[in-house]
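Values quoted throughout were computed directly from the atomic coordinates according to the rules given, and no laboratory measurement underlies them. These numbers were taken from a predicted model, which means no experiment stands behind them. Counting neighbours? That spans all protein chains shown, and the Cβs are built from the backbone with ideal geometry, glycine included.
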């Protein structure tokens, strides 16, 4: 994993120098940013470059592989937060199942079974059926399903 700054000149600088360079660049671009209605550089424009076996993920990996790499980072973050704080954070995953195959879906659900999680998906079968037709209920004892349709929330009973 590499960090790519939106301000290339801050590379290999100390914190104080990075701050001064960033502030100077922001001042230079202030008029343009006001016209555009957003700031064109800064941490919100920075990026993480992820690689597998020395090959950058974004241009070469499938959508499912890219999603798996990002999920691995999220799960590592979940474990780190639990380890550092002693508390389990709430995991929020928005439509992750659509780009994962059944085996990856199943393994994800297994991995997060001990965490309070909110998952959204566009197809209920993506969480009900995992690998070998085993579903959510096979390894998560307590879960609640909801359907949202036309801004109306209803609980789904199976």
(request) Would you please put 71-83, 31-43, 94-106 in order of how densely packed they are, using the mean number of other Cβ atoms within 10 angstrom per residue and starting with the highest? (result) 94-106, 71-83, 31-43
(request) State log₁₀ I(q)/I(0) for the stretch 39-131 at q = 0.17, 0.19, 0.23 Å⁻¹ as given by the Debye formula over alpha-carbon point scatterers of equal weight, solvent excluded. (result) -0.88, -1.03, -1.21
(message) Multiplying the sequence separation of residue 63 and residue 156 by 0.36 nm and subtracting their Cα-Cα distance, what value in nm do you get?
(response) 30.5 nm
(request) Can you pull the one-decimal nm distance between simple spin-label points at residue 6 and residue 121, each 7 Å off the Cα toward Cβ? (result) 3.4 nm
(request) For the chain, state what percent of all Cα-Cα pairs lands in each successive 10 Å bin, counting from 0 Å until the bin that includes the largest distance. (result) 9, 26, 26, 23, 13, 4
(message) How would the stretch 1-49 be classified by its alpha-carbon gyration tensor: rounded, prolate or oblate, with rounded meaning a/c under 1.5 and the a/b versus b/c comparison settling the rest?
(response) oblate
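Report the extension gain between residue 99 and residue 73 in nm, rounded to one decimal, defined as 0.36 nm multiplied by the number of residues separating them, less their alpha carbon distance. Before the final figure, lay out each step's value.
Numbers: separation 26, 0.36 × 26 = 9.36 nm, distance 1.65 nm.
Fully extending the segment from residue 99 to residue 73 adds 7.7 nm.
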(request) Among 148, 70, 57, determine the one that fluctuates most according to a GNM of the chain built with springs between C-alpha atoms less than 10 Å apart. (result) 148
(message) Just to verify a number: FRET efficiency for residue 55 and residue 18, C-beta to C-beta distance, R0 = 25 Å, to 0.05?
(response) 0.30
(request) Label the stretch 19-90 by shape, choosing from rounded, prolate and oblate, from the square roots a ≥ b ≥ c of the eigenvalues of the Cα gyration tensor; if a/c is under 1.5 it is rounded, and otherwise prolate applies when a/b is larger than b/c, oblate when it is not. (result) oblate
(message) Quick check: the angle from helix 63-85's long axis to the longest principal axis of the chain, C-alpha only, nearest 10 degrees?
(response) 90 degrees
